[in-house]
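Before any comments, here is the structure.
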């Protein structure tokens, strides 16, 4: 019986999850592995586990704007709009400024529906017509 070839775009999420989880058993504070694992969980649609990773990263990198941005994304994906807004504000206050990406990011779709999202962007980036 011939094996089906995987399409180039197909990702074996379970393999990656096992790989990064085992790596983190040995090095629980390995930042790059945590970031990668959080991304895989999110891509797989396991937003709760992605959030858990983002919260761990927040403890390890309290002042990292990208960590807070990713946390906002996780909260948005879970429909936790208030938490998403607070995390996004924190990310911006810490220096996150890729507003072009932010406006296109599908992970923030739930947050973008809230009028406070546009108000926040106008407040921090008044030149841009949000």
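The values are calculated or read from the model by the stated rules, or taken from the named source; none is laboratory data. As the structure is a computational prediction, the values presented were derived from the model and not from experiment. With ideal geometry, Cβ positions are generated from the backbone for all residues, glycine too; neighbour counts draw on all protein chains shown.
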Original post:
Which is free of Cβ contacts under 8 Å to residues at least 24 places away in the same chain, closer than 28 Å to residue 25 by Cα, part of a helix (DSSP H, G or I) and under 12 Å from the mean Cα position of the chain (by Cα), of 51, 55?
Top reply: 55
Original post:
Quick one: which of 18, 11 is at pLDDT 95 or above and over 14 Å from the mean Cα position of the chain (by Cα)?
Top reply: 18
**OP:** Output yes when any residue across segment 23-30 is surrounded by 13 or more Cβ atoms within 10 Å (Cβ to Cβ), at pLDDT 95 or above and outside any helix (DSSP H, G or I), and no when none is.
**Re:** yes
Original post:
Among (1) in contact with a helix residue (DSSP H, G or I) (Cβ under 7 Å, 6 or more places away or on another chain); (2) in contact (Cβ under 8 Å) with a residue 24 or more places away in the chain; (3) closer than 22 Å to residue 15 by Cα, where does residue 68 come up short?
Top reply: (3)
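Please verify whether residue 46 is free of Cβ contacts under 8 Å to residues at least 60 places away in the same chain and exposed (fewer than 11 other Cβ atoms within 10 Å of the Cβ), treating the condition exactly as stated.
no
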Subject >> Of all residues in segment 91-102 being surrounded by 15 or more Cβ atoms within 10 Å (Cβ to Cβ) and more than 14 Å from the chain's Cα centre (by Cα), the one that is modelled with the lowest pLDDT >> reply: 99
Subject >> Contacts under 7 angstrom Cβ, first residue in segment 91-118 being in contact (Cβ under 8 Å) with a residue 40 or more places away in the chain, partner in a helix (DSSP H, G or I) and surrounded by 15 or more Cβ atoms within 10 Å (Cβ to Cβ), 6 or more apart >> reply: 107/73; 107/76; 107/77
